[in-house]
Amino acid sequence: MQVVVNGLLANYQQTGKGKTLLVLHGWGDSAKGLTPFIHELSKNYLVTALDLPGFGGSETPQQTWGLTDYAEFVQAFVGKIKLQPDVLVGHSNGGAIAIRALTNGLSASQLVLVASAGIRGEYKGRLKALRLVTKAGKLATSPLPKRIKHALRRKVYKTVGSDMLVAEHLQETFKKVVQDDVREEASRITLPTLLIYGDHDASTPLRYGEILHQAIQGSRLQVITGADHWLPTENTQEVCNIITEFTK
């Protein structure tokens, strides 16, 4: 399904019945990428999964966006389709957007953060390293064919731990998003909150969950042993069972 929100064409899925869940995907992902997760949740809930602007089937913003822009878009989307989410579910960067949205007017009864991002301090060092390495890389690879230069850039970005090239058309937005920390907003969340993290997650490590758990009063932290960052699609059944139990 598609709808125009704040001048941008937005793509979304809606399936199932029951208590309403709004699902926000992570950086570089889409509702389609979370298909197994959405399918399993839809057995017990009415699930709405939005492609955030620039991802999946949703239009890309013309300007550089930050977390607040995405949060405001989510709120406008909910208003446009007249959705009142009982549960807001955010994976990775979708979790950071969810936190920002909830402290900027979005309403929900419960919050579920799955491998949520939003603890950003360490990215300042990564971005500095990225700028230095890529500047040197451009000079070193300038005589090479474009295809080879592009492959080398991907290798360099991976070396310094950057997801920038996951969505090349949003590089400036990526830089802005990963410098925006949501700890202060997390400390103002009062609704029941569940945090789910894998203890083998290198992208949003368990310590992020522990920081958010401490910040959000009364929150519950669930750790899945042996799991990495892709909990919704690699640990689908276990994650959905935990969410179902929490939302009863």
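Taking all protein chains together, His200, His213, His229 sort by accessible area into His200, His213, His229, largest first [probe 1.4 Å].
Rounded to the nearest 20, the size of the Cβ-charge dipole of segment 1-67 about its Cα centre is 280 debye, with Lys and Arg at +1 and Asp and Glu at -1.
All C-alpha to C-alpha distances of segment 1-86, sorted into 5 Å bins beginning at zero, yield P(r) values of 3, 15, 28, 25, 18, 8, 2, 0 percent in whole numbers. Expressed as a whole percent, the accessible surface of segment 33-126 that belongs to carbon and sulfur atoms is 45, based on a 1.4 Å probe. Once divided by 2.2 N^0.38 Å, the Cα radius of gyration of segment 178-241 becomes 1.14. Selection among Ile242, Pro232, Ser203 by position relative to the dipole of segment 195-248 gives Ile242 as farthest towards the positive end (Cβ unit charges, Cα centre).
All other residues whose Cβ lies under 15 angstrom from that of Ser42 are scored, Lys and Arg at +1 and Asp and Glu at -1, for a net of +2. With Cβ to Cβ distances under 10 Å as the rule, what net charge do the other residues near Pro232 carry (K, R +1; D, E -1)? After counting each charged neighbour, the total is -3. Contact order, relative form, for segment 26-121: 26 percent (alpha carbon pairs under 8 Å, 6 or more residues apart, mean separation divided by residue count). Coupling constants for segment 226-241 follow from the phi torsions by the Karplus curve (6.51 cos²θ - 1.76 cosθ + 1.60, θ = phi - 60°), and in residue order they are x, 8, 10, 6, 8, 4, x, 10, 9, 10, 3, 5, 5, 5, 5, 4 Hz; glycine and proline get x. Within the full protein context, the accessible area of Ser30 is estimated at about 20 Å² for a probe radius of 1.4 Å. Residues whose amide H lies under 5 Å from that of Val112, counting only those 5 or more places away or on a different chain, are Leu88, Val89, Gly90, Leu194; hydrogens are built 1.01 Å from N in the peptide plane.
The values are calculated or read from the model by the stated rules, or taken from the named source; none is laboratory data. If you're wondering where the values come from, they're calculated on a predicted model, not measured in any experiment. FYI the Cβ positions are ideal-geometry reconstructions off the backbone, even for glycines, and counts take in every protein chain you see. Heavy atoms of the whole protein, side chains included, go into the accessibility calculation; ligands, DNA and RNA do not. Shrake-Rupley method; radii C 1.70, N 1.55, O 1.52, S 1.80 Å.
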